[in-house]
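The values are calculated or read from the model by the stated rules, or taken from the named source; none is laboratory data. What you see is a predicted model, and the numbers here were worked out from it, not measured in a lab. A quick note on method: Cβ atoms are made from the backbone with ideal geometry, for glycine too, and the neighbour counts reach across all protein chains shown. Just the protein is used for accessible areas: all its heavy atoms, side chains included, with ligands, DNA and RNA removed. Shrake-Rupley method; radii C 1.70, N 1.55, O 1.52, S 1.80 Å.
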Amino acid sequence: MRWTVHGESTLHDTPWVRLRSLDVEQPDGTRGAYHVVRLRDVAVTAAVDDQRRVLMMWRHRFVTDTWAWELPMGLVEDGEGPVEAAARELEEETGWRPESMRELIYAQPANGITDSQHFVFRAAGAKRIGEPTERNESDRLEWIPLAEIPGMIARREIVSSATLVGVMALLLDLGAWATLLGA
């Protein structure tokens, strides 16, 4: 059931988004154009403190005109690895520097239409080093108790797929999911 790509052409190209038309052949032999959005990889950080709270940002996303809580995240820059990008974004967006980082989960959020990869890391021992340097990222920052996360998801206060994947993986990683759901 493998599809074969015979070629790729550019429809639109910016530093953030690249729209491509692929000449593909499906397993049944049907051949045609298939549009793909090529995006830069995203690095996400779930910073957890010793009180079982996660650092989150309250922010507006103008594309969907919605407000929600998100984990700090951003694009992986050229020449940068995902873990370095995650630590940099945490510091720029929140003013907190992680002591240690480890991979929490990897995801491809819409792999039928985009090649975007999301790398989510768990940060421990975060220390406040000052104010965020990215002034346009969020209205406020809060350390959210993990016990509140399932309710926030149910109330659609967390809607970003990268954040959803990150906080759910964090709850599983900490063994908290079953406890929080009363199982």
With unit charges on the beta carbons (Lys and Arg positive, Asp and Glu negative) and the dipole taken about the Cα centre of segment 1-151, which residue among 67, 149, 19 sits farthest to the positive side? 149
Semi-axis lengths (Å, descending) of the ellipsoid that matches the C-alpha gyration tensor of segment 98-183: 21, 20, 15
Counting only other residues whose beta carbon sits under 11 Å from that of residue 103, what net charge do I get with K and R as +1, D and E as -1? +1
Most mobile listed residue (51, 26, 117) in the chain, GNM with C-alpha springs under 10 Å: 26
Which value, in Å² rounded to 10, gives the accessible area of residue 11 with a 1.4 Å probe and all protein chains present? 90
How much of the pair distance distribution for segment 75-134 lies past 20 Å, counting alpha-carbon pairs only, in percent? 32
Test of understanding: given the chain, find the longest segment containing no trypsin sites (Lys or Arg not before Pro) that are in a DSSP loop and have at most 11 other Cβ atoms within 10 Å. 3-134
Using a Debye calculation, one point per C-alpha and no hydration shell, please list log10 I(q)/I(0) for the chain at q = 0.08, 0.09, 0.19 Å⁻¹ in order. -0.31, -0.38, -1.25
Quick calc, the chain, dipole around Cα centre from Cβ unit charges on Lys, Arg (+) and Asp, Glu (-), nearest 20 debye, gives 400
Tally up the carbon and sulfur contribution to the accessible surface of the chain as a whole percent, 1.4 Å probe, everything protein left in place. 52
For segment 18-76, inverting the pair-averaged 1/r of distinct alpha-carbon atoms gives a Kirkwood value in Å of 15.3
Mind checking the full-extension length gain between residue 4 and residue 161? Use 0.36 nm per residue of separation minus the Cα-Cα distance, one decimal, nm. 53.7 nm
Given a Förster radius of 25 Å and the C-beta distance between residue 78 and residue 11 as r, what FRET efficiency does 1/(1 + (r/R0)^6) yield to the nearest 0.05? 0.65
Which parts of segment 86-110 would a label at residue 128 reach, counting a residue when its backbone N lies under 12 Å from a point 7 Å out along Cα-to-Cβ? 95-97
Please report, in whole Å, how far the alpha carbons of segment 128-168 spread along each principal axis, starting with the longest. 32, 19, 16
Here the residues of segment 128-157 lying in the modelled label zone of residue 58, meaning backbone nitrogen under 13 Å from a point 7 Å along Cα-to-Cβ, are 138-144, 157
As an exercise, identify the chymotrypsin sites (Phe, Trp or Tyr not before Pro) in segment 39-74 lying in DSSP coil whose Cβ has no more than 10 other Cβ atoms within 10 Å. 62
